[in-house]
Amino acid sequence: MTTADRLAMPLGEAMFTQRAIRRLKPDPIPDEVMHDIMEAAIRAPNGGNTQQWHFIVLKDPEKRKQMGELYHEAWWAKRKDQGIMGPEDIPPGKNSQRSAMRLANEFGDAPVMVFICALAKGGANGIIPSSQNLLLAARAHGVGGTIATLHEVVDERVKKLLNIPETAEIVYCMPLGYPRGEFGSVTRKPLEEVCGLDSWDVPYK
């Protein structure tokens, strides 16, 4: 049986039940499942099929712990750039931001982290589709995750930890695991509010 055969969940189901999963169980992800996920990631379209990407699947417990500390620092560095100095500065009702804050506290507990890197700085656009392939394949296996980014304050240390060349760019770091919670539909604005027909101001219905 091939990877494609094992990713048998209908595409519509995967797309319409996929959501950002930030609460993850510590249970390990089987090697064969991670292999399927990464095989799907490298099947993504990319400019001229030049495949200007490199992926790192991080499972080592000590490195994951260190990465958790670095991600926590990076997350708060980004908040400080926005004028948010601590949890008390997050406005009431900003549940998604509080969920992201919890992820920052628990990032090191994710059983697997995947780093999606561009071979050269400024090459992110050519590899972004791989992240969606990765998440859809993960969904087909019942694995959750979310797209996360770092901050320049930790960039050099993360590269040193993972032996990433200075010439490369870390585009995303994605925690993966089985969800503490459920997949399911997400709330989105109506299509006509976010999509135009032939013009910005003509709603697509």
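The values are calculated or read from the model by the stated rules, or taken from the named source; none is laboratory data. Bear in mind that the values here come from a model prediction, so they are computed numbers and not experimental data. Glycine also receives a Cβ, built like all others from the backbone with ideal geometry; neighbour counts cover every protein chain displayed. Quick note on the areas: whole protein, heavy atoms, side chains included, nothing else; ligands and nucleic acids left out. Shrake-Rupley method; radii C 1.70, N 1.55, O 1.52, S 1.80 Å.
Here the range 122-192 is assigned +1 on the Cβ of each Lys and Arg and -1 on the Cβ of each Asp and Glu. Its dipole about the Cα centre then comes out at about 280 debye. Among (i) 24, 20, 16; (ii) 25, 24, 20; (iii) 26, 22, 14, which one is semi-axes √(5λ) of the Cα gyration tensor in Å computed from these coordinates? Comparing each candidate, only (ii) matches the computed number. These residues, Trp53, Trp200, go from largest to smallest accessible area, 1.4 Å probe, as Trp200, Trp53. Under 16 Å from a point placed 7 Å out from the Cα of Asp81 along the Cα-to-Cβ direction: which residues of the range 124-163 have their backbone N that close? Backbone N within reach: 124, 148-158.
Only Lys, Arg, Asp and Glu carry charge here, each on its Cβ (+1 for the first two, -1 for the last two); on that basis the chain has a dipole of about 360 debye about its Cα centre. Summary of the geometry: the range 165-205 and the range 1-39, compared by the centres of their Cα atoms, lie 18 Å apart. Rolling a 1.4 Å probe over the heavy atoms of the protein chains gives the chain an accessible area of 57 Å² per residue.
Computed about the Cα centre, the dipole magnitude for the range 3-67 is approximately 440 debye when only Lys and Arg (+1) and Asp and Glu (-1) carry charge, each at its Cβ.
The stretch between Asp27 and Glu62 holds 11.0 nm of extra length on full extension. This uses 0.36 nm per residue minus the Cα-Cα distance.
A dipole drawn for the range 1-134 from +1 and -1 charges on Cβ atoms has a positive end, and of Gln66, Pro111, Ala8 the residue lying farthest that way is Gln66.
Counting only other residues whose beta carbon sits under 11 Å from that of Ala168, what net charge do I get with K and R as +1, D and E as -1? With Lys, Arg at +1 and Asp, Glu at -1, the neighbours total -1. Taking label positions 7 Å along the Cα-Cβ direction at both Leu197 and Glu166, the computed distance is 5.5 nm, reported to one decimal. Sorting Tyr71, Tyr172 by solvent-accessible area of protein heavy atoms yields Tyr172, Tyr71, largest first, with a 1.4 Å probe. Remark: for residue pairs Lys65/Lys160; Lys63/Lys160; Lys59/Lys80; Lys121/Lys160; Lys25/Lys78, the C-alpha separation exceeds 22 Å in Lys59/Lys80; Lys25/Lys78.
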